[in-house]
Amino acid sequence: MLAGGGARGAYEMGALSVLAPVLEARGERVEILVGTSVGGINAAYLAANAHRPLSEAAAGGMDVWRNLRYRDAMRPLLSPSSLSKLARFLGTCLGLPVKAVPSLLDTAPLRKTLDRVIDFGRIADNVSGEAAPLHAVGVVATSYETGRSIVFHQGGVTPPTNDERAIDYVAAHLTNVHVLASGAIPVVFPAVEVTEPASWRGWYGDGGVRLNAPLDPALELGAQRVIVIGLNSAEVPKELPVTTRPDLFDGASSLLGVLADQLTNDVATLTEINEAVERGDDSDKGSPRQKIPYIFVVPSHRMKIGGIALDIYKRHYTSLRALLRSPNLALLGRITDAARNRMHSELYSYLFLGREFIDELIELGRTDAQRWLDTEHDEWPWRVGDPTEA
């Protein structure tokens, strides 16, 4: 299960690169992949490479991330189309009769990049037939029409609708469109029109808006063990005194943190279910009849990734030379005032496709995965009980 987090997705591949050899040595395979937002991109990549050993697929995924640049995902901030969009946005703010702006940034290059690095046709081969390495793969998007979470999945039996959590499951032949929709962060990136399957045609946005931690879909698709890789710590944040009034970017960063907290809550719920099963308490008819062991890899503390982004931005992207060498990343940093504090750099990190940052994220993922493996668990490397007691 791969959570969302924009440019921070390199962390997930780093973590998998450490977990994979351990799982392979134990004869354990990853058979179900589910991702939200950038986790959906990683899930699709891994699904297209599921015929290879997981360690090889993760190594290839790290190479993809290391070679990814701003221009591969978004049009330049100073391109004619971007400047035109900015002018229209200002015109809208002034009440002028201009065409509405679909988003602040343009992700048109990302479509070609996805087709270049992900063999979507191979996914069908990897989920079909008894000898297929995968059982199912799913990506989560949010319907702009209904506000519900839509899990587009390839392979496996389509689970029933979950009205309690507003989740619908749709069998689909996954393409770059479904993956783009899963990662279309509202306001920042444009909504994506999904046309297949025809009965679910409509406009979709980032799956993390309602379901940043797709743990339920993974279980509904048949997972009996889950690997959960998140991009925010499970640590409960300490309340710090606020000495200045929070601004727009502080608020946006806090909102992203709230969305990320869904992951911790879902893992906590999973451990409660496991404990209930161990006690033989079957009073909750909605609970699974068996324990679900899990691996849970996240950064060691809240704002860890934001702190890395702050340090790298200050060291590499604040000078005039940086503005000339990497104008998009340097300008984005100035727009979000990334050097101000960790809250600002936390927000900046979702768009920070800088080589130095990607390298650090991969290493952080590897370090945190190794930390999990170095910890004693009740069913090592799997855990059943509360992760905070590890």
For the range 17-28, pairs from a residue that is under 19 Å from residue 371 (Cβ atoms) to a residue that is among the charged types (D, E, K, R), with Cβ under 6 Å and 6 or more apart or across chains, are 18/366
All-but-one check, residue 66 against (1) surrounded by 24 or more Cβ atoms within 10 Å (Cβ to Cβ); (2) out of contact with any strand residue (DSSP E or B) (no Cβ under 8 Å at 6 or more places or on another chain), failing number (1)
It is to be established whether one or more residues within the range 169-181 are farther than 26 Å from residue 51 by Cα, touching a residue at least 40 places away in the same chain (Cβ under 8 Å), surrounded by fewer than 19 Cβ atoms within 10 Å (Cβ to Cβ) and in contact with a strand residue (DSSP E or B) (Cβ under 8 Å, 6 or more places away or on another chain).
no
In the range 162-187, anything within 16 Å of the chain's Cα centre (by Cα) and within 10 Å of residue 140 (Cα to Cα) is listed as 178, 179, 181, 182, 183
Scanning the range 317-333 for residues that are surrounded by fewer than 17 Cβ atoms within 10 Å (Cβ to Cβ), touching a helix residue (DSSP H, G or I) at 6+ places or on another chain (Cβ under 8 Å) and in a loop (DSSP other than H, G, I, E, B) gives 318
All conditions in (1) under 30 Å from residue 278 (Cα atoms); (2) out of contact with any helix residue (DSSP H, G or I) (no Cβ under 8 Å at 6 or more places or on another chain) are true of residue 292 except (2)
* Is there a residue in the range 324-338 that is small (Gly, Ala, Ser) and in contact with a Leu (Cβ under 8 Å, 6 or more places away or on another chain)? -> yes
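Restricting the range 304-324 to residues that are without any contact (Cβ under 8 Å) to a residue 60 or more places away in the chain and aliphatic (A, V, I, L, M), which is nearest to residue 15 (Cα to Cα)?
It comes out as 308.
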Sole miss for residue 131 among (1) crowded, with 19+ Cβ neighbours inside 10 Å; (2) among the small types (Gly, Ala, Ser); (3) part of a loop (DSSP other than H, G, I, E, B) is condition (1)
With the first residue restricted to the range 103-126 and required to be assigned to a helix (DSSP H, G or I), and the second required to be of a type in the set (Lys, Arg), Cβ contacts under 8 Å at 6 or more apart or on different chains are 108/75; 109/71; 109/75
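Please go through the range 10-39 and give me each residue that is outside any helix (DSSP H, G or I), over 26 Å from residue 141 (Cβ atoms) and in contact with a helix residue (DSSP H, G or I) (Cβ under 9 Å, 6 or more places away or on another chain), ordered by number.
Those that are outside any helix (DSSP H, G or I), over 26 Å from residue 141 (Cβ atoms) and in contact with a helix residue (DSSP H, G or I) (Cβ under 9 Å, 6 or more places away or on another chain): 28, 29.
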Reported set for the range 192-202 where residues are over 15 Å from residue 168 (Cβ atoms) and either surrounded by 15 or more Cβ atoms within 10 Å (Cβ to Cβ) or among the acidic types (Asp, Glu) (or both) is 192, 193, 196
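This table checks each residue for (1) surrounded by fewer than 20 Cβ atoms within 10 Å (Cβ to Cβ); (2) farther than 17 Å from residue 218 by Cβ; (3) at pLDDT 80 or above.
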| position | (1), (2), (3) |
| --- | --- |
| 258 | yes, yes, no |
| 270 | no, no, yes |
| 275 | yes, yes, yes |
| 283 | yes, yes, no |
| 286 | yes, no, no |
| 303 | no, yes, yes |
| 315 | yes, yes, yes |
Within the range 74-102, of all residues that are assigned to a loop (DSSP other than H, G, I, E, B) and either in contact with a Cys (Cβ under 9 Å, 6 or more places away or on another chain) or basic (Lys, Arg) (or both), the one surrounded by the fewest Cβ atoms within 10 Å (Cβ to Cβ) is 99
Q.
Looking at the structure I just gave you, is residue 189 assigned to a strand (DSSP E or B), touching a strand residue (DSSP E or B) at 6+ places or on another chain (Cβ under 9 Å) and surrounded by 19 or more Cβ atoms within 10 Å (Cβ to Cβ)?
A. no
If we keep only residues of the range 129-147 that are of a type outside the set (Gly, Ala, Ser) and without any contact (Cβ under 8 Å) to a residue 40 or more places away in the chain, then the residue nearest to residue 169 (Cα to Cα) is 146
Per the filter on the range 348-378, residues assigned to a helix (DSSP H, G or I) and closer than 17 Å to residue 332 by Cβ are 348, 355, 356, 357, 358, 361
Residue 175 vs (1) of a type in the set (Val, Ile, Thr); (2) more than 17 Å from residue 39 (Cα to Cα); (3) modelled with pLDDT of 95 or more: all pass except (2)
Within the range 192-214, of all residues that are aliphatic (A, V, I, L, M) and at pLDDT 95 or above, the one farthest from residue 232 (Cα to Cα) is 198
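The values are calculated or read from the model by the stated rules, or taken from the named source; none is laboratory data. Source: prediction; values computed, not measured. Cβ sites come from the backbone with ideal geometry, for glycine too, and all protein chains shown count toward neighbours.
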